[in-house]
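Notes for the one structure printed next.
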Amino acid sequence: MAESITLARPYAKAAFEVALASKELNEWSQALKLLANVAANEQVRRRLLSPALTAAQQAETLTGLCGDALLPKTNNLVRLLAENKRLTLLSEISELFEALKANQEKTIDVELSTAFELNKDVVNKITQALQTRLNREIKLQTRVDRQLIGGAVIRAGDTVIDSSVRGKLTKLAEAMNS
């Protein structure tokens, strides 16, 4: 069976193209996140997967739970997903949509993990350096991880920059064991 991300990709691309053409990227983004969160609820999930419901009833159930927060075109997507028995892909569709949106807007989410809290000046310098290096607008999330001992780990998409003391000790141990 195909992986869910592979099945979700055409729906995410189609949704993205519709949202881009209608200049509603943010609205679609919010709607897809809401749909994914509602569909992920265990009770809702069981109801949507019930063989007693038709595709139209499944779509109505999901869109009804979301209320007026959805656009008419997102309702159409929900109906299409229900007809094709793909409502379980909403989480993957939302993630792929966000990746396409970030690429279009030239933004990237970056996680900065440090052993200790950083002051704003240091965080701003790191943000500026990453913007220059990645040529994108940076959405930086910081967190403290005492297990790093010192230094930092930066995760930006597929890129990981590990300049932590823990990471360096691990590399040293691997080199000594080889």
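Each reported figure results from applying straightforward, stated rules to the coordinates on display, with no laboratory input. In this text the structure is predicted, and so the values were computed from the model without any measurement. Virtual Cβ from ideal backbone geometry, glycine too; neighbours counted across all protein chains shown.
Helix 165-177: angle to the longest alpha-carbon principal axis of the chain, degrees 0 to 90, nearest 10?
With rounding to tens, the tilt is 80 degrees.
For the chain, take the longest principal axis of its alpha carbons; what is the angle in degrees between that and the long axis of helix 55-66, to the nearest 10 within 0 to 90?
60
What residue among L49, L25, L100 shows peak mean-square fluctuation when the chain is described by a Gaussian network model with Cα springs under 10 Å?
L49
Quick one: in the chain, what % of C-alpha pairs are over 30 Å apart? Please list the in-between numbers first.
Numbers: 6213 of 15753 pairs.
In whole percent, the long-distance tail amounts to 39.
Distance between Cα centroids, the stretch 105-167 to the stretch 32-81: provide it in whole Å.
With the stretch 105-167 and the stretch 32-81 each reduced to a Cα centre, they are spaced 37 Å.
Taking the inverse of the average 1/r across all pairs of different Cα atoms in the stretch 25-73, what Kirkwood radius in Å do you get?
11.2
With a Förster radius of 22 Å, plug the Cβ-Cβ distance of F116 and I161 into 1/(1 + (r/R0)^6) and report the FRET value to the nearest 0.05.
About 0.80, to the nearest 0.05.
How long is the stretch 48-116 along each principal axis, judged by its Cα atoms, biggest number first, in Å?
Projected onto its principal axes, the Cα set of the stretch 48-116 covers 53, 27, 22 Å.
To the nearest 10 degrees, how steep is helix 90-105 against the longest Cα principal axis of the chain, on a 0 to 90 scale?
Between the helix axis and the principal axis of the chain, the angle is about 60 degrees.
Can you tell me which aspartates and glutamates have their Cα less than 16 Å from the Cα of K85? Leave out same-chain residues fewer than eight positions away.
E3, E60
Treating cross-link reach as a plain straight distance, find the aspartates and glutamates whose alpha-carbon is under 16 Å from the alpha-carbon of K125, omitting any fewer than eight places away in the same chain.
Filter leaves E111, E117, E137.
In the P(r) worked out for the stretch 1-103, what percent of Cα pairs fall beyond 19 Å?
Of all Cα-Cα pairs in the stretch 1-103, 36 percent lie more than 19 Å apart.
Which whole-number percentage describes the relative contact order of the stretch 107-177, with Cα contacts under 8 Å and a sequence gap of 6 or more?
Details: 103 pairs, mean separation 27.8, N = 71.
Computed value for the stretch 107-177: 39 percent relative contact order.
Within the set K101/K168; K101/K171; K13/K33; K33/K73, which residue pairs have Cα atoms separated by over 25 Å?
K101/K168; K101/K171
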